[in-house]
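Below you'll find the structure, written out as structure tokens, and then a few comments.
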Amino acid sequence: MTTETTTPASTTTSIALTAVAAEKVAALLAQEGRDDLSLRVAVQPGGCSGLRYQLYFDDRAMEGDTVTEFGSVKVVTDKMSTPYLMGATVDFVDTIQKQGFTIDNPNAGGSCACGDSFN
């Protein structure tokens, strides 16, 4: 198995996680009580615009994964998703109107109104 580990300094060639998002992920991982989980960010076919994001905790390592570390938090992308997510930033918002993770992706040519899918 091959994996590539990057640091936050190379955010133009990998995914980035804001400090707020990293803090939220670390808190959720602490609730899970497991230290073997990573945040996997993937792109899958589907959604209104053709592709949709998936964020979930994963304990697997797959061939070609890219691993980016943000303190104690590891963000993993598979080799198919990595090109779509290069330069993307994952953030966490907590406002009266919205709570959850958001992805600002410079590779997205367009997105649907719900913001969950892109092309």
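Looking at T66, T6 in this structure, which one is of a type in the set (V, I, T) and at pLDDT 85 or above? Before the answer, list the steps.
Numbers: T6 fails: at pLDDT 85 or above.
Selected residue: T66, the only one of T66, T6 that is of a type in the set (V, I, T) and at pLDDT 85 or above.
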*asked:* Against the conditions (1) polar (S, T, N, Q); (2) open to solvent by 60 Å² or more (accessible area, probe 1.4 Å); (3) more than 19 Å from D91 (Cβ to Cβ), where does T66 fall short? Just the number, please.
replied: (2)
_Let me spell it out: the conditions are (1) open to solvent by 40 Å² or more (accessible area, probe 1.4 Å); (2) at positive phi; (3) at pLDDT below 90, and G71 meets all of them except one. Which number is the exception?_
(3)
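The values are calculated or read from the model by the stated rules, or taken from the named source; none is laboratory data. Because the structure is predicted, anything quoted here is derived from the model rather than measured. No Cβ is skipped: glycine too gets one built from the backbone with ideal geometry, and neighbour counts run over all protein chains shown. Only protein heavy atoms, including side chains, enter the accessible area calculation; ligands, DNA and RNA are left aside. Shrake-Rupley method; radii C 1.70, N 1.55, O 1.52, S 1.80 Å.
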